[in-house]
Amino acid sequence: MSDLTATDTPPKRSFLQSLEVDTRLLGMIGAFALVCIVFNILTDGRFLTPRNVFNLSIQTASVAIMATGMVFVIVTRNIDLSVGAILAVCSATMALTQTRFLPDTLGLGLGHPLIPWVTIAFGIAVGALIGAFNGWLVGYQGIPAFIVTLGGFLVWRNVGWVQTSGQTIGPLDPVFQDFGGINGTLGTQWSWVFAGVAVLTTCWLLWSNRKTKVGHGFPVKPVWAEVSLTVILSGAILAFVATLNAYAVPERAVARDFADYGCATAVGCNPSYGIPVSVLLLIAVAVTLTVVARRTRLGRYIFATGGNPDAAELSGINTRLLTVKVFAIMGVLCAIAAVVASARQTYHTNDIGTLDELRVIAAAVIGGTALSGGVGTIYGAILGALIMQSLQSGMAMVGVDAPYQNIVVGSVLVFAVWVDIQYRKITGAK
Amino acid sequence: MTPLVQMKDVSISFGGVKAVDHVSIDLYPGEVVGLLGHNGAGKSTLIKMLSGAYKMDSGEIWIEGKKAEIHSPRDSRDYNIETIYQTLALADNLDAASNLFLGRELTTKLGFVDDGRMEAETRKIMARLNPNFKKLKEPVSALSGGQRQSVAIARAVYFKAKILIMDEPTAALGVHETKMVADLIQELKKQGLGIFLISHDTREMMELCDRVSVMKNGQVVGTERVEDVTEDDILSMIILGKNPRAAA
């Protein structure tokens, strides 16, 4: 078993190779940076203002949360066309729960402190059940996921319609609204605390990862590469938080609600928004799913099944139950996205989440998830969602007409996949 | 001596076609039993019942003198049966360590997958089986046929199989790599493993096996010790479906 390519002396490595960063990830970050810079020039610097960065991040949160789950669905060679509809039915259910069922039927009264939490728990349970049902139809009944979720696309949105009789339901509970709206933010101080914790966690993760490798006697990156990576990541976290902290609350809002911002008087009170709660939710979801993907058996089996379903089955993996789990996770994420989306609107509408299924799939695919299965990353899907939302908002700011916006977004989707295919051909990756 | 494996009067049909028709076969420790026959003779189907990939319609499987219940690949593994499939059954998108431990991952105290420990174990076993194996970080799709084969074999060796099933283990390999597999079979035999070997190469089977069973149309034509028969005898059994020695 001779291997002619293997040599004992490592070849000379470039700066990027030493960092051991995924080149595809760099490509996506580059594309995202390009989009931002171009729109910033076209809008005379309005695109990269703290205010717009803040808006972009809360607009992206809902789709990005679902896109992380779509990665698992697509990696196992399935598809979910019903995520927008599940979002709608979860949103309708939660809107009714918090405005009618809990306050009136159970008699808690509007504004009871339990209402938002019971509502969210119930919504997540509904999402999980619908997702698990989809997964059961796909895994145990053998109906193709495309068909199951195409049916679900029609069914669930209209179940929501029937529930609410097509009415707009609101206003939603004030605490519930904090999960998606502009007022649900951490504020300056807590945002900095969060940034500090995030930077420390990043350093600790990189260091402990290196320690494990050294412990097993595996090759490690040079120290300077490790330090550069730490500096770059920490810098990015701090820059993002600093930008959000630079978005000041408008004077009129301060004059009205200065007590809410911890000030004794409106004079001399200069609060800023800081990190939105919906973005915190997205970060929590992203971290959890990344851990699941990389550090748990469930994640390993998801990727193994996507790579070779027969091999997974022969290795003793219950691929049917796995399908149920993957769709149930997708359902839970649809429910969380429903919290964010309806909270941002402050009420539930019949058309909430319309076309989200396409945005979510596009985000996952632009983020490098292969429809042939087995390949995909959580951070890629979030970057994909960011790129899509930036394009859409940027074009809206420049004043591009709606049809042209869609034409551009559609073309970008196809182009991104084409680039990915070329990249794989050149690097020989699967 | 108690046989490691006894498959007694085993049958399975697929949509009215009797793929395996009342077959009985056994395997002793330290023995290599070859299964020969045309494509569709039922060799792979027979061993897939032992490895838990198919459920038999009737018959019994006895492992080390006790009746065994094998309903899934996991059951089969619990009896220390390991299978190296013709298609290798590797997840191409995962690296060697993930494939070696697929379905039996090593975990940390908190229950997370312990990639470091799995990679270290993989390095150890590969140093023994295939010292040239270096691509531990890459997905197995980037490996050569021989390297992929050594990942599949490492799986069987690492988990201390007592019974090894090899379905066309050398079909995709070059001369040098075929030799390596042959040496490994000899070594495992010495350790007391029982091996079922499936191949089309009659000459190779005469060299590697202690006994050969020839199958045709789902039935066993005959089982002979290799020293008692010539290659021509075997060939005529495969082609004619009759055992010349039984007739004599």
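The values are calculated or read from the model by the stated rules, or taken from the named source; none is laboratory data. If you're wondering where the values come from, they're calculated on a predicted model, not measured in any experiment. Every residue, glycine among them, receives a Cβ derived from its backbone with ideal geometry; neighbour counts consider all protein chains shown.
Things worth noting here:
- Selection from region A:306-365 of residues that are under 22 Å from A:S390 (Cβ atoms) and of a type in the set (S, T, N, Q): A:Q345, A:T354
- In the set (1) farther than 19 Å from B:E177 by Cβ; (2) surrounded by 20 or more Cβ atoms within 10 Å (Cβ to Cβ); (3) within 7 Å of chain A (Cβ to nearest Cβ), B:G116 fails one condition alone, (2).
- Whenever a residue of region A:376-392 is on the phi < 0 side of the Ramachandran plot, its partners that are hydroxyl-bearing (S, T, Y) and surrounded by 24 or more Cβ atoms within 10 Å (Cβ to Cβ), lying with C-beta atoms within less than 7 angstrom and at least six residues away or across chains, give the pairs A:I378/A:T68; A:G380/A:T369; A:A381/A:T68; A:A381/A:T369; A:I382/A:T68; A:A385/A:T60; A:L386/A:T60; A:Q389/A:T60.
- Evaluation of A:L238 against the conditions (1) of a type in the set (A, V, I, L, M, F, W, C); (2) at pLDDT 85 or above; (3) exposed (fewer than 15 other Cβ atoms within 10 Å of the Cβ); (4) closer than 19 Å to A:T188 by Cα shows that the sole unmet condition is (3).
- In region A:34-73, the residues that are surrounded by 24 or more Cβ atoms within 10 Å (Cβ to Cβ) and touching a Leu at 6+ places or on another chain (Cβ under 6 Å): A:T60, A:A61, A:A64, A:I65, A:M66, A:T68, A:G69
- Taken over region A:253-291, the criterion of being free of Cβ contacts under 8 Å to residues at least 40 places away in the same chain, β-branched (V, I, T) and either over 25 Å from A:A195 (Cβ atoms) or in contact with a strand residue (DSSP E or B) (Cβ under 7 Å, 6 or more places away or on another chain) (or both) is satisfied by A:T265, A:V267.
- Top-ranked residue of region B:197-247 - restricted to ones that are among the hydrophobic types (A, V, I, L, M, F, W, C) and in a loop (DSSP other than H, G, I, E, B), ranked as modelled with the lowest pLDDT: B:V229
- Restricting region B:119-136 to residues that are more than 7 Å from every other protein chain (Cβ to nearest Cβ) and of a type in the set (A, V, I, L, M), the residue that is surrounded by the fewest Cβ atoms within 10 Å (Cβ to Cβ): B:A127
- Only one of the listed residues (B:K160, B:K109) is more than 10 Å from every other protein chain (Cβ to nearest Cβ), surrounded by fewer than 20 Cβ atoms within 10 Å (Cβ to Cβ), assigned to a loop (DSSP other than H, G, I, E, B) and at positive phi. That residue is B:K160.
- For B:T178, the stated conditions hold: it is part of a helix (DSSP H, G or I) and of a type in the set (S, T, N, Q).
- Conditions (1) at pLDDT below 90; (2) surrounded by 19 or more Cβ atoms within 10 Å (Cβ to Cβ): number failed by B:G194: (1)
- Test: residue in region A:13-33 that is loosely packed, with under 14 Cβ neighbours inside 10 Å, more than 23 Å from A:V231 (Cβ to Cβ) and at pLDDT below 95: no
- Which listed residue is closer than 28 Å to B:D115 by Cα, assigned to a helix (DSSP H, G or I) and without any contact (Cβ under 8 Å) to a residue 40 or more places away in the chain, from A:L205, A:L229: A:L205
- Residues of region A:76-114 that turn out to be more than 19 Å from A:F133 (Cα to Cα), touching a residue at least 60 places away in the same chain (Cβ under 8 Å) and β-branched (V, I, T), as a count: 1
- Whichever residue in region B:163-183 is within 11 Å of chain A (Cβ to nearest Cβ) and within 20 Å of B:E31 (Cα to Cα) and, among such residues, is surrounded by the fewest Cβ atoms within 10 Å (Cβ to Cβ): B:K179
- In summary, B:A41 fulfils each of the numbered conditions (1) in the same structural domain as B:I239 (by TED's automatic domain parsing); (2) part of a helix (DSSP H, G or I) with the single exception of condition (2).
- Entirely in region A:300-413, the helices (runs of 4 or more DSSP H) that have 1 or more residues that are buried (at least 20 other Cβ atoms within 10 Å of the Cβ) and within 14 Å of chain B (Cβ to nearest Cβ): A:309-314, A:319-345
- Summed over region B:59-98, residues that are within 14 Å of another protein chain (Cβ to nearest Cβ) and of a type in the set (K, R) total 2.
- Any hit, region B:200-209, residues being hydroxyl-bearing (S, T, Y), farther than 26 Å from B:I61 by Cβ and in contact with a strand residue (DSSP E or B) (Cβ under 8 Å, 6 or more places away or on another chain): yes
- Pairs are defined by a Cβ separation below 6 Å, a sequence spacing of at least 6 or placement on different chains, a first member in region B:74-97 that is farther than 21 Å from B:D114 by Cβ, and a second member that is modelled with pLDDT under 90 and of a type in the set (S, T, N, Q); the pairs so defined are B:D92/B:S141.
- From B:I125, B:I81, B:I153, residue being at pLDDT 90 or above and under 30 Å from B:L36 (Cβ atoms): B:I81
- Count of region A:377-426 residues which are within 20 Å of A:A61 (Cβ to Cβ) and under 20 Å from the mean Cα position of the chain (by Cα): 19
- Region A:221-235 - residue that is surrounded by 15 or more Cβ atoms within 10 Å (Cβ to Cβ) and either more than 14 Å from chain B (Cβ to nearest Cβ) or among the β-branched types (V, I, T) (or both) and, of those, farthest from B:K124 (Cα to Cα): A:S234
- Residue count, region A:181-219 (criterion: surrounded by 15 or more Cβ atoms within 10 Å (Cβ to Cβ), within 13 Å of another protein chain (Cβ to nearest Cβ) and of a type in the set (A, V, I, L, M)): 0
- Residue list for region B:80-93, restricted to those being in a loop (DSSP other than H, G, I, E, B) and in contact with a Lys or Arg (Cβ under 8 Å, 6 or more places away or on another chain): B:N80, B:L88, B:L90, B:D92, B:N93
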